[in-house]
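The values are calculated or read from the model by the stated rules, or taken from the named source; none is laboratory data. Keep in mind that what you see is a predicted model, and the values were worked out from it rather than measured. Don't worry about glycine lacking a Cβ; one is built from the backbone with ideal geometry, like all the others, and counts go over all protein chains shown.
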Amino acid sequence: MTASAHIVTVGGMPSAGADDTAVAAALAAAGIAVASRGFIEDDEAALERALGPDEALTVVLAGGGGSAGDIVRRVLARVSGTRLVLNERLLAALQERYRRLDRPLPRRAERLALLPQGTTVWVTADGEAGWALESGPRAFAVVARDAGVQSMIEQHLAPFARAWASGRGAALVRTLRTAGLSLADVEERLVDWLGREGEVTVSTIPADGEVWVRLRARASTPAEAARSLGKAEAAIVGILGGDCFGRDGDTLELVVGRMLLERRLTLAVAESCTGGLLGHRLTNVPGSSAYFERGVLVYSNRAKEELLGVPESILNTHGAVSAPCAEAMARGIATRAGAPCGLAITGIAGPDGGTPTKPVGTVFIGLAVQGDALARRFHFAGDRAAVKWQSTQGALDMLRRSLKGQP
């Protein structure tokens with residue numbers, strides 16, 4: 001039997017997914033298979049059901065204070081058959097935290113130091129304390145969703161997870177990420193791998209304009225699991241070829257940025273329907289100032305003419321949403337920025353503005369690299385946000401494929 005885990009976020013918020021993903025990555029690195037990931041409201045019965053009865057590690061993401069923190073403490077005391085007692089270490093950590101804020105510890109805040117008997121407290125310098133509790137074959141870890149979550153994972157959760165998993169068998173997970181393919185395309189290529197039983201199981205997951213291929217290797221030791229995973233990964237990457245752009249935490253913007261750095265190229269972008277999303281994704285990568293030169297938002301025809309030099313004749317003959325316009329936009333931004341690479345997006349994100357010949361979701365992406373330019377037409381489904389996201393996916397993937405041919 002291999003070590004497995006559940007991740008439960010209590011009182012889920014829109015931003016909670018980032019913490020959930022960071023915890024999942026840390027558990028996978030420790031050789032623990034994540035069996036489930038869920039979000040629940042701050043409800044005692046819901047949390048108790050989410051913990052599950054199996055012999056697993058459950059990581060609970062919840063703030064120490066508020067109703068969610070109170071519920072987590074009560075439920076874990078109940079399922080572990082222990083009582084809540086004052087934890088002196090946590091109380092001292094709370095007092096120190098308030099001292100740094102130059103405030104006395106509120107009397108009501110003292111309840112935060114009531115933890116199930118036998119709890120191990122985790123303290124970091126930059127966030128709320130976390131804690132862990134072992135109950136027979138089950139283990140629980142509680143981590144706060146705050147600015148210190150990454151430090152908590154690295155300093156405490158990851159070492160605890162590795163120690164707990166030792167002797168329980170190893171499970172390693174690899175996620176291969178593809179772009180430019182449909183789910184049916186990927187499944188057709190991997191038909192001999194899907195559903196196969198053995199040391200490594202393979203599944204496919206559609207994910208926001210990409211298709212992921214997930215490999216799970218189980219063995220008695222991490223080394224054996226790693227060997228099996230490596231062989232399967234090499235074979236599947238060979239099948240996917242250039243449509244596989246990365247693995248695990250790789251994103252298109254990260255991979256594109258890495259390629260630009262390696263080739264010592266800079267990039268400028270022009271956006272007409274994505275509202276700066278392309279520039280945001282590119283500049284969200286640390287160190288992107290080394291290759292991202294500039295970006296402009298050009299929604300009106302006048303802006304396209306004045307800022308990018310798109311000829312009036314193209315706009316009058318083909319319209320702003322057209323391949324000639326997208327190509328001219330890419331050439332224009334590259335020329336004005338003095339950058340070897342230019343990327344441009346123009347389209348109809350909706351919900352209005354479509355026509356019979358150019359319905360909502362019609363997007364043209366222009367690309368200019370080292371003086372050569374081209375444009376492609378796409379049709380994306382979904383609401384406005386979905387069209388904008390898929391447009392940036394298409395643009396980044398076009399640039400990635402082009403850069404593969406650049407020395």
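Data overview
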{"read-out": "Residue in the range 346-366 that is nearest to residue 393 (Cα to Cα), counting only those that are over 26 Å from the mean Cα position of the chain (by Cα) and among the aliphatic types (A, V, I, L, M)", "value": "348"}
{"read-out": "Residues satisfying the stated conditions in the range 236-257, i.e. surrounded by 13 or more Cβ atoms within 10 Å (Cβ to Cβ), out of contact with any Gly (no Cβ under 6 Å at 6 or more places or on another chain) and not in a strand (DSSP E or B)", "value": "236, 237, 239, 240, 248, 250, 251, 252, 253, 254, 256, 257"}
{"read-out": "Matching strands (runs of 3 or more DSSP E) fully within the range 117-207 where at least 1 residues are of a type in the set (Lys, Arg)", "value": "138-143, 170-179"}
{"read-out": "Any hit, the range 373-381, residues being crowded, with 21+ Cβ neighbours inside 10 Å and assigned to a strand (DSSP E or B)", "value": "yes"}
{"read-out": "Among the candidates 73, 99, residue that is assigned to a helix (DSSP H, G or I) and either in the same structural domain as residue 220 (by TED's automatic domain parsing) or at pLDDT below 90 (or both)", "value": "99"}
{"read-out": "Residue list for the range 175-186, filter: surrounded by 16 or more Cβ atoms within 10 Å (Cβ to Cβ) and not hydrophobic (A, V, I, L, M, F, W, C)", "value": "175, 177, 178, 180"}
{"read-out": "Residue within the range 384-400 that is more than 20 Å from residue 252 (Cβ to Cβ) and either assigned by TED's automatic domain parsing to the domain that holds residue 209 or without any contact (Cβ under 8 Å) to a residue 60 or more places away in the chain (or both) present", "value": "yes"}
{"read-out": "Within the range 210-224, tally of residues that are assigned to a helix (DSSP H, G or I) and acidic (Asp, Glu)", "value": "1"}
{"read-out": "Checking residue 160 against (1) over 19 Å from residue 19 (Cα atoms); (2) over 21 Å from the mean Cα position of the chain (by Cα); (3) of a type in the set (A, V, I, L, M, F, W, C), the condition it does not meet", "value": "(1)"}
{"read-out": "Selected residue (only one of 343, 308 is within 27 Å of the chain's Cα centre (by Cα) and surrounded by 22 or more Cβ atoms within 10 Å (Cβ to Cβ))", "value": "343"}
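Residue by residue, here is whether (1) assigned to a helix (DSSP H, G or I); (2) out of contact with any strand residue (DSSP E or B) (no Cβ under 9 Å at 6 or more places or on another chain) holds:
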site	(1), (2)
226	yes, no
259	yes, yes
269	no, no
305	yes, yes
321	no, no
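Here is a yes/no grid of residues against (1) more than 25 Å from residue 25 (Cα to Cα); (2) assigned by TED's automatic domain parsing to the domain that holds residue 62:
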| site | (1), (2) |
| --- | --- |
| 94 | yes, yes |
| 105 | yes, yes |
| 125 | no, yes |
| 137 | no, yes |
| 140 | no, yes |
| 143 | no, yes |
| 193 | no, no |
| 198 | no, no |
